[in-house]
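The values are calculated or read from the model by the stated rules, or taken from the named source; none is laboratory data. Source: prediction; values computed, not measured. Virtual Cβ from ideal backbone geometry, glycine too; neighbours counted across all protein chains shown. Please note that ligands, DNA and RNA were not included when accessible areas were found on the heavy atoms of the full protein model with its side chains. Shrake-Rupley method; radii C 1.70, N 1.55, O 1.52, S 1.80 Å.
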Amino acid sequence: MAVMALDSGDGSLVPFSSETRDSPVVYPIHHGLKPPVARLAISWSRGNSLRVSVFRPPSGNDSGESDGEVGGKVVEVKLNDGDPEISDGQWRRIAYGSVSPFALLQSRRSSVSSLSKMSMSPSPYDVDWWEYVIEYSKDISSLLGGSNLTRGPIIEDPKAVLKKGEEPTSLKAAWELMEIFYADKQSQEWLPERLVDWLADYDSLLSSTHATVHSKIVDFQKELVRLQVIENDPKYWEVMSSALAVGWLDVVVKMLRLHGSYQLDQLSNRETENGLVEAVAILISKMPRLRPELDARKLGECFKSKPDFVKAWEKWRAQITKLDCSAYWVQCDNQHTREGLRNMLHIMLGNADSLHRATYQWIELYISHFLYIRPFTMGFESMYSLAQKCMQLKPMSCYHRLIRLLIGILGENTEVVLAECSREFGPWMVVHAIELLTAGSEQTEILLHEERDSLGGISIGELHRLVYAQVLSSHALTWQIAPIYLTSCVKQGMSLLEILLYSQSVQHNQLLLKNIEICRLYELDHVSSSIMKVAGVYHWKHGRKGSGVFWLQQAQDAVRLNKISQQLFDSVGKSISDESFKQWEGIIELLGSESKTAVGLEFLHKYRDFKKSLQQVSGGKTTDAARQAAESLILLMKNPSTPQRFWLPLLYDSLKLLNWLEQPLLNVSQTNLLLNKLQELSMARLRPDFIEPNLPTHALSSVRIALATNLGRAILEE
Amino acid sequence: MAKSVNVWDCGSTLYDSFELKSFKRQLDSAILASTRTLSMPHLPDRRVPLPPTQQQPHPQQQATSFNIPKKSSKISRSLHKLLRSVFKPNKSSGSFFPVKDQTKDGFYVVYDKSGSVLSTIPEVPTFEIAKLSPEISSSVHEGSILKIVWVPPEYGDAVACICVDGSVSLWEEVAEDAQPVQWKMCKSFKNSSKVLDIQFGISMTRLKLVAAYSDGHVKVYELLDPLELNNWQLQAEYQNVTESVPSFGKALCFSASISWNPQQGESQDSSIVVGFNSNTSELNSSKFKSETALTRYGSLIRLIKDGFQWQSWLHLEKKDDQVYAVKWAPNIGRPFEVIAVATSKGIAIWQLGLNPDQDGRLSAEKVALLSGHEGEVWQMEWDMSGMTLATTGRDGMVRLWQANLNGVWQEQAAFELTS
């Protein structure tokens, strides 16, 4: 399953092997507390990071008083991938960069499969599909490092300048290996040549475990400055034949040109010797290669078709043989030059012993076999058996992770390849490489996309995506790209996405908005409503009532909004002073009129309107305003939703209207209505559950008098 | 898909400025409409600067230390009584609550409110401890805190605090109008028998609280008002959780564990799993093995299904196993549920069929019995996908368990403390 490495307290990365074993690896957690430790507690933090809290026994006893130790500590353990070669920031850059190629490929996959509709997955023999996969692979590859990796040793000028290119990474090397074997079907014809290039780019990585041709060249280059007569140093010849064996022709030719015989003062005495050196250099640079093209820097002659290549190869071999048998060797005085050059000729002629001597790791020997012993190898044929043979010839106690990956690939064992990817390069690699693997064969496609009961009904491919998404969600800067991968998981992705979104913090508005936006994108309305609910309650409880109501409204949380209106309603009923009016007016506004859900809300709205017009009346003296206020009073009193306990406060508040000097504002029937209400109220007072409003005792009587007066005036008026 | 690519870039223009601006405008207009009132402050401008896209050095290790104030106090009796801290599940904002024993008989709350932006847990400001202790210590009386349980976030930032003496109090973080944030006790449950564990869950749009008592009862309370945590109603009581109460003496359980099915929609049925442990040497010694009444009482675990028509109790473990902890795994799409049960024999992984058979019984199968921890298992936590189980216990180890590609459960890693 998920293969992990972890970053424990001391920051060291420990590879976490997933091999079956009896006892699991035990990692230390450095908490830096003085023993004893009393208690441990664990909790999952974001994604798959685990928080371990360590508590010391409480101080306070005899000794604890003075030790000044902290009471506990929380250590976060990351159960992620982690390639020590790549920094966190670089990882995030890769994670972000790979989203777009991945998403593009997924959308192409779905459009292709909807077009064909024959099978769930695009046919691996669909030409267009190859092009998509290789485009995807190139995009990812360019993310992993500069597109133009320069090989380490380039001997630029006679006094040896080592030009350092961008440091190659194993991740990129591994990706290219996958690309060569699974994605790039066009270059299958000249697979060996691609491997030659691959080794040229990444041989330096292999030096970490054992000596390589690269490391030998680097070593020699350091000595080069000190050497007076270069051709007398056996290492010069050794290094050159090694480089020749693995096909670094440009390096060899460049080094040959450092030969002492080229120097002007010696040219005359060493004419023959120089001629031989130059002849070998020319032969090397004319080496026929079965490939469509070569880098400008690299040497050799390219042949696209095999017949042409075979013809050229035989001609070239004949030239070498001719040179090998020529009489000039006798005339060459310098023994080193003579032997060195002839050894190089033997390498070119495919002498197995010479090749064996010239190479250091089996992969180098393997490459040299392709170059000089089996130049006509095309495609995948017998590559694995040759690899096994080379491994036997150059046994090694342990292999570099790239080599293990290569062995898996050559063995055509998808499980091994996946396991190596996952163990050595982490979940990112697996998820993205699966696209290449499945492009390789239908069998792999079935293996990776078959739903398995043992995994709870998901495929291996989906499992890896889920694991990767979890890794992404463990970091605050990457969780937002996890949805892309989760939505590509048909079976379990959405549920995990819901959990991920729901567990984001609501305390920061920006994050909250982003979270809601993601919900909208994936049509997860119920999740966004839960999130908004949580946000609403959070703000409400933290004294920001406005925001609270806003978010609860967004969540359409009728239950809580009702409760809030109820609260408001209750508090409004208790005291109806102008100050409290100000307090709740805004919330009424915010609760809005459109939400019909709240019981007393409609009333509160009308009540607010009434209060407002009443305020206008008290400000100015216009009869129009007063008439309007009187009308809203009647509306309120008529409305059955107006609770009884508000009747008296309402009437008492509008005493001024009832006693309006210029003219009676209420007509007879209106006044009668109010009087009836007043009567009803007097009856209700007799009931035990009646709540006496917080008004002066004379309130009722003064309202009654005002109404009676008004009635009289209204009758007169009519 | 391809089009939305830019959206996902951290520093992308669309996501972080355009979308945000439109939202903010909408928000502001709503808030502005109500600024006239005093009680309606603007949305606090707590927005944090956008995280830089990349390359920002992030501390790999995030550790925080809690400074427990050095105050003279009584000696803590025992270590294991000390503290059990339970972290808020499901919230990656990662608020967490260390619980402090004895020193002042209180607990303090540590937040990682940085949630969105940072990966570091800020140092605990000492004032927070100083401020909280008096309030809480006055009410959390004698004895230490056994456990802290978070309330689901839809009901505010609140915890339930179980004390060793068996009382439970509910604490809530609130800020009244202009006052600073404070923790307020909103409810205290007292009972003749001790509360051993409680867990919150949402069922039928209501917040429920399930409590397990030392006499083997399980009670279910319901919150009446979703905005006030002080009004709880006893909804159900199950006395027969531990059937066959011994004929002599009073039944006593020493620890209990409850776990809700994490997949609880507000409108769905929910289930819980309960485990009890009456772990004393007398009860479990061979001497008493024959005394069926006692040994059978040892522990058992049951399952409640279908909302609160609590049906079909299902035994997952034999009655005489001591169940230390139970934990229901999140299910993101498996056709079965997974429950981890820690007993004295090891950690059992149970698979539960989702559909009951004709008799209304659920099928359950023990797919693994994992041994590794020596002694009691204190705590088990599933990760967000329900694929990894983290456990810790008396042996001081943290262990991680996963199923491999063949569905075989195994220990994936272990962590040992070193100072």
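Residue by residue through region A:48-64, note down the ones that are touching a Pro at 6+ places or on another chain (Cβ under 8 Å) and either at pLDDT 80 or above or not in a loop (DSSP other than H, G, I, E, B) (or both).
Once the filter is applied, which keeps residues that are touching a Pro at 6+ places or on another chain (Cβ under 8 Å) and either at pLDDT 80 or above or not in a loop (DSSP other than H, G, I, E, B) (or both), region A:48-64 yields A:Ser53, A:Phe55, A:Gly64.
Would you say A:Leu695 is part of a helix (DSSP H, G or I) and either at pLDDT below 80 or surrounded by 12 or more Cβ atoms within 10 Å (Cβ to Cβ) (or both)?
No: the conditions fail for A:Leu695.
Name the residue, out of A:Leu636, A:Leu707, that is within 60 Å of the chain's Cα centre (by Cα) and at pLDDT 80 or above.
A:Leu636
Only one of A:Pro153, A:Pro122 is farther than 27 Å from A:Ala482 by Cα and either within 14 Å of another protein chain (Cβ to nearest Cβ) or at pLDDT below 85 (or both); which?
None of the other options fit; the residue is A:Pro153.
Okay, residues lined up against (1) open to solvent by 10 Å² or more (accessible area, probe 1.4 Å); (2) at pLDDT 70 or above; (3) in contact with a strand residue (DSSP E or B) (Cβ under 7 Å, 6 or more places away or on another chain); (4) assigned to a loop (DSSP other than H, G, I, E, B):
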| position | (1), (2), (3), (4) |
| --- | --- |
| B:Val117 | yes, no, no, yes |
| B:Ala130 | yes, no, no, no |
| B:Glu142 | yes, no, no, yes |
| B:Val159 | no, yes, yes, no |
| B:Leu170 | no, yes, yes, no |
| B:Ala178 | yes, no, no, yes |
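Would you point out the residue of region A:510-569, among those that are hydrophobic (A, V, I, L, M, F, W, C), facing chain B (nearest Cβ under 10 Å) and open to solvent by 30 Å² or more (accessible area, probe 1.4 Å), that is farthest from B:Glu176 (Cα to Cα)?
My answer is A:Leu521.
Going by the structure shown, is A:Asp295 over 26 Å from A:Ile180 (Cβ atoms) and not β-branched (Val, Ile, Thr)?
no
Identify all residues within region B:380-395 that are at the interface with chain A (Cβ under 8 Å from one of its Cβ atoms) and either hydrophobic (A, V, I, L, M, F, W, C) or touching a helix residue (DSSP H, G or I) at 6+ places or on another chain (Cβ under 8 Å) (or both); write none if there are none.
Within region B:380-395, B:Trp382, B:Asp383, B:Met384, B:Ser385, B:Met387, B:Ala390 qualify.
Considering A:Arg317, A:Arg289, which residue is open to solvent by 40 Å² or more (accessible area, probe 1.4 Å) and either under 18 Å from A:Leu341 (Cβ atoms) or in contact (Cβ under 8 Å) with a residue 60 or more places away in the chain (or both)?
Values: A:Arg289 fails: open to solvent by 40 Å² or more (accessible area, probe 1.4 Å).
Unique residue meeting the criteria: A:Arg317.
Hey, among the residues in region A:400-442 that are over 27 Å from A:Ala103 (Cβ atoms) and basic (Lys, Arg), which one's surrounded by the most Cβ atoms within 10 Å (Cβ to Cβ)?
A:Arg401
Quick one: count up the residues across region A:31-51 that are facing another protein chain (nearest Cβ under 7 Å) and over 25 Å from the mean Cα position of the chain (by Cα).
Total meeting the criteria: 11.
Among the residues of region A:17-25, is any at pLDDT below 55, within 21 Å of A:Leu472 (Cβ to Cβ) and surrounded by fewer than 23 Cβ atoms within 10 Å (Cβ to Cβ)?
The answer is yes, given that some residue of region A:17-25 is at pLDDT below 55, within 21 Å of A:Leu472 (Cβ to Cβ) and surrounded by fewer than 23 Cβ atoms within 10 Å (Cβ to Cβ).
Only one of these conditions is not met by A:Gly71: (1) facing another protein chain (nearest Cβ under 7 Å); (2) at pLDDT 75 or above. Which number is it?
Of the numbered conditions (1) facing another protein chain (nearest Cβ under 7 Å); (2) at pLDDT 75 or above, the odd one out for A:Gly71 is (2).
Cβ contacts < 9 Å: first residue within 20 Å of A:Ala684 (Cβ to Cβ), restricted to region A:644-659; second residue hydroxyl-bearing (Ser, Thr, Tyr) and open to solvent by 20 Å² or more (accessible area, probe 1.4 Å), any location; separation 6+ or different chain. Result?
A:Tyr652/A:Ser702
Of the residues B:Val174, B:Val168, B:Val159, B:Val195, which single one is of a type in the set (Val, Ile, Thr) and at the interface with chain A (Cβ under 9 Å from one of its Cβ atoms)?
Working: B:Val168 fails: at the interface with chain A (Cβ under 9 Å from one of its Cβ atoms); B:Val159 fails: at the interface with chain A (Cβ under 9 Å from one of its Cβ atoms); B:Val195 fails: at the interface with chain A (Cβ under 9 Å from one of its Cβ atoms).
Result of the check over B:Val174, B:Val168, B:Val159, B:Val195: B:Val174.
Taking the options A:Ile217, A:Ile282, name whichever one is over 17 Å from A:Phe370 (Cβ atoms) and either open to solvent by 40 Å² or more (accessible area, probe 1.4 Å) or of a type in the set (D, E, K, R) (or both).
On the way: A:Ile217 fails: either open to solvent by 40 Å² or more (accessible area, probe 1.4 Å) or of a type in the set (D, E, K, R) (or both).
Only one candidate passes the filter, namely A:Ile282.
Quick check on this structure: which one of B:Val398, B:Val377 is of a type in the set (Val, Ile, Thr), open to solvent by less than 20 Å² (accessible area, probe 1.4 Å) and more than 10 Å from chain A (Cβ to nearest Cβ)?
Details: B:Val398 fails: more than 10 Å from chain A (Cβ to nearest Cβ).
Of B:Val398, B:Val377, the one residue that is of a type in the set (Val, Ile, Thr), open to solvent by less than 20 Å² (accessible area, probe 1.4 Å) and more than 10 Å from chain A (Cβ to nearest Cβ) is B:Val377.
How many residues does region A:646-680 contain that are under 60 Å from the mean Cα position of the chain (by Cα) and either outside any helix (DSSP H, G or I) or more than 21 Å from A:Ser613 (Cα to Cα) (or both)? Step through it out loud before you land on a result.
In the first step, residues of region A:646-680 are kept if they are under 60 Å from the mean Cα position of the chain (by Cα); the result is A:646.
Those still in the list that are either outside any helix (DSSP H, G or I) or more than 21 Å from A:Ser613 (Cα to Cα) (or both) too: none.
Adding up the residues that qualify gives 0.
Is it true that some residue in region A:409-416 is away from chain B (no Cβ under 14 Å), part of a helix (DSSP H, G or I) and within 22 Å of A:Leu177 (Cα to Cα)?
yes
Out of the residues in region A:443-463 that are touching a residue at least 60 places away in the same chain (Cβ under 8 Å) and more than 9 Å from every other protein chain (Cβ to nearest Cβ), which is nearest to A:Ile531 (Cα to Cα)?
Selected residue: A:His449.
Residues of region A:391-408 being of a type outside the set (S, T, N, Q) and either within 22 Å of A:Glu189 (Cβ to Cβ) or assigned to a loop (DSSP other than H, G, I, E, B) (or both), which ones?
A:Lys394, A:Pro395, A:Met396, A:Cys398, A:Tyr399, A:His400, A:Leu406
Suppose we keep only residues that are among the small types (Gly, Ala, Ser) and closer than 18 Å to A:Thr671 by Cα within region A:602-653. Which one would you say is surrounded by the fewest Cβ atoms within 10 Å (Cβ to Cβ)?
Once the filter is applied, the top-ranked residue is A:Ser632.
Quick one: count up the residues across region A:301-311 that are out of contact with any Lys or Arg (no Cβ under 9 Å at 6 or more places or on another chain) and without any contact (Cβ under 8 Å) to a residue 60 or more places away in the chain.
Taking region A:301-311 first, the residues out of contact with any Lys or Arg (no Cβ under 9 Å at 6 or more places or on another chain) are A:305-308, A:310-311.
In the following step, the residues that additionally are without any contact (Cβ under 8 Å) to a residue 60 or more places away in the chain were identified as A:305, A:307-308, A:311.
Qualifying residue count for the region: 4.
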